[in-house]
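This report concerns only the one structure given below.
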């Protein structure tokens, strides 16, 4: 069986990031956000009282929401089609006869 030939050009630089790489990046973002949350809680304990206590507790309460939203954000797929620089002239082969 012969495969059908397509004239579609595949541009390697427009290939999407692999699923494993994307997942690892999202996990790093989540871990960073939750680590910052722990730092906020520890800072609130060390500060004791005052306006900074409320800011740190507020940040510690909001960060889980931000972490989950960032972790669930999936990268949009790359646009289909070849990417060409403007003003570049392409030379084509001519049919022989």
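The values are calculated or read from the model by the stated rules, or taken from the named source; none is laboratory data. Predicted model only: the values in this text are computed from it and were never measured. Counting neighbours? That spans all protein chains shown, and the Cβs are built from the backbone with ideal geometry, glycine included.
Would you be able to say whether some residue in the range 26-37 is at pLDDT below 90, surrounded by 13 or more Cβ atoms within 10 Å (Cβ to Cβ) and within 30 Å of residue 93 (Cβ to Cβ)?
No, the range 26-37 contains no residue that is at pLDDT below 90, surrounded by 13 or more Cβ atoms within 10 Å (Cβ to Cβ) and within 30 Å of residue 93 (Cβ to Cβ).
In the set 20, 2, 71, 82, which member is at pLDDT below 90 and touching a helix residue (DSSP H, G or I) at 6+ places or on another chain (Cβ under 6 Å)?
71
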